[in-house]
1. Can you run phi through the Karplus equation (6.51, -1.76, 1.60; θ = phi - 60°) for segment 37-53 and list ³J(HN,Hα) in whole Hz, with x for Gly and Pro?
2. Give me a comma-separated list of calculated 3J(HN,Hα) values for segment 56-62, in order, Karplus coefficients 6.51, -1.76, 1.60 applied at θ = phi - 60°, integers in Hz, x for any Gly or Pro.
Amino acid sequence: MSGHPLPDAWWTRAACIGTDWSLWAPPSQHSLRVLAVDERRYAEAATYCAACPVVAECRADADLTDDPAFRAGFSAVDRHRQNTGRW
Ligand code: SF4
């Protein structure tokens, strides 16, 4: 049996493939606060997410894995707030 990609390899269609991964990194200084520098790079990252064909799959995966990175157009803190309703 040959090596076959996973059946739901949605990430192969991600708009962020080939981008600078530092754009998506968790907030600086491992803080829950999103600093100005994070706001700038997340704004750039969000432009990719806005045009991404697999944003729904990405969001589901980010929520499932509790990924600290910027995913599906939102920081981890914002996704947590959206999911819990706590601000
Ligand atoms: S939604 Fe954003 S972070 Fe998720 S795969 Fe698409 S471009 Fe990447």
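A short reminder: the numbers here are calculations on the coordinates, not readings from a lab. The structure presented is a predicted model; accordingly, all values stated were derived computationally and were not measured.
1. Result, ordered by residue: 5, 5, 4, 5, 6, 5, 5, 5, 4, 5, 5, 6, 4, 4, 10, 7, x Hz.
2. 3J(HN,Hα) across segment 56-62, in whole Hz: 5, 5, 5, 4, 4, 5, 4.
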